[in-house]
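To keep things clear, I will list the structure first and then write my remarks on it.
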Amino acid sequence: MNDMPRHVRIVEVGARDGLQNEKTIIPAATKIELIDRLSATGLRTIEATSFVSPKWIPQLADAAEVFTGIAKKPGVSYPVLVPNLQGYERARAVGAEEVAVFAAASEAFSRKNINASIDESIERFVPVIEHAQADDVKVRGYVSTVLGCPYQGEVPVADVVRVASKLHALGCYEISLGDTIGIGTPARARAMLRAVAGEVPRAALAVHFHDTRGQALANILACLEEGVAVVDSSVSGTGGCPYAKGATGNVATEDVVYMLEGMGIATGVDLPALIGTGLWLSGQLGRETSSRVARAGV
Ligand code: HMG
Ligand code: MG
């Protein structure tokens, strides 16, 4: 076991992963207000939107309007998802300074989610990363379905290691390992993390757990014990991928912050302000928050 980190950087994905699965189109002004409220909580990385095909993700067709409308707070990064060069160019046209590319460890999920094989998707990222390096734009890389796939079931750990190390070698500064359908349990999460850490430095790894089966906090803890210090989460526990059957919300940021701060691990996040933002968002979405901490109060 490695030393537990003393600080954790939270990557807030609520405005992107959290909203992409919402059926009713949310006004751009609401998305902008969400991101501005999140910026005021002390979060340093807030994924803002996706420049994917609007036919595939209609909810985020307003990506340019949202990205342009947010009040960018100094010291906060606002990465955006891009699936290809077209997405990268759209993102750059509105001034994005950090992008995220996303590949899958499962061949079946890759086809459903981005209409390409894993290798084809990685080929598409090569020019994106080359342009980004020339433009001084940071690139984060996601690997989805790292603990199981809704279409092919088991995902061999060797496939996760291969995709993660390929993205890292291409120039992604950080690799976020995604349990897209929230199927993992702590021992498997730890084993997967250790295998990836054999090829990619631990300092370049992040974890991204959906909480479909209530395992996310336990899985995060197992990965923190392995030295991971970057955790993706979504305010109010919103989230899911329309192309991953059964994928429900991301782990709630409120619950992650509560756990970490309770263990003496600093996040820099103002928990009451975050809870207020999550409750405001669940009001906008017309349903109860998924954050246990917000429901119980601190
Ligand atoms: P495709 O249909 O194969 O694309 O989609 P294409 O290259 O054949 O182009 C078809 C049309 O799409 C063309 O327009 C293109 O211009 C347009 P037409 O000529 O028909 O009018 N197009 C675009 N338009 C705007 N922006 C673009 C873009 N690219 C093409 N960037 C594609 C391939 C990858 C584009 C599509 O499958 C796609 O956008 N998929 C995105 C799906 C998605 O966003 N999924 C959720 C995010 S992943 C996730 O949630 C997991 C994660 O959270 C981690 C985890 O939980 O594990 C990250
Ligand atoms: Mg996700």
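Sort 21-28, 105-112, 64-71 by packing, meaning the average of other beta carbons within 10 Å per residue, with the highest value first. Working shown, then result.
On the way: 21-28: 13.4, 105-112: 21.8, 64-71: 18.1.
Sorting 21-28, 105-112, 64-71 by mean packing, highest first, produces 105-112, 64-71, 21-28.
Quick test of the membrane-span-like rule: which DSSP H helices of the chain reach at least 24 Å along their long axis (C-alpha atoms) with mean Kyte hydropathy at least 1.6?
Flagged H segments: there are none.
May I ask you to evaluate 6.51 cos²θ - 1.76 cosθ + 1.60, the Karplus curve with θ = phi - 60°, for each residue of region 173-184 and list the ³J(HN,Hα) values in order in whole Hz, giving x for glycine and proline?
Coupling constants for region 173-184: 6, 8, 10, 9, 8, x, 8, 4, 10, x, 10, x Hz.
To one decimal place, what orientation-averaged projected area in nm² is obtained for the convex hull of the Cα set of region 139-298?
Across all orientations, region 139-298 yields a mean hull projection of 9.3 nm².
Sorting check: for 138-151, 35-48, which peptide has the highest mean count of neighbouring beta carbons within 10 Å, and how do the rest follow? Mind showing how you got there, number by number?
On the way: 138-151: 24.3, 35-48: 21.8.
Listed from highest to lowest mean packing, they are 138-151, 35-48.
Please give me the summed charge of the neighbours of residue 115: other residues whose Cβ is under 15 Å from its Cβ, Lys and Arg +1, Asp and Glu -1.
Net of charged neighbours comes to 0.
What is the distance in Å between the Cα centres of region 220-298 and region 23-48?
14 Å
Expressed as cubic angstrom per residue, what is the convex hull volume of the alpha carbon set of the chain?
Residue-normalised Cα hull volume stands at 111 Å³.
With the radius of gyration and the Kirkwood radius both derived from the Cα set of region 1-137, what is their ratio Rg to Rh?
Dividing the radius of gyration by the Kirkwood radius yields 0.98.
Subtract the Cα-Cα distance of residue 158 and residue 136 from 0.36 nm times their separation in residues, and report this length gain in nm to one decimal.
Net length gain for the segment: 4.8 nm.
In nm, what is the difference between 0.36 nm times the number of residues separating residue 126 and residue 72 and their Cα-Cα distance?
Roughly 16.6 nm would be gained on extension.
Any read-out appearing in this document is the output of simple, stated calculations on the displayed coordinates, not a laboratory observation. All values derive from a computational prediction rather than experimental measurement. Cβ coordinates were reconstructed from backbone atoms using ideal geometry, including for glycine residues, and neighbour counts include every protein chain displayed.
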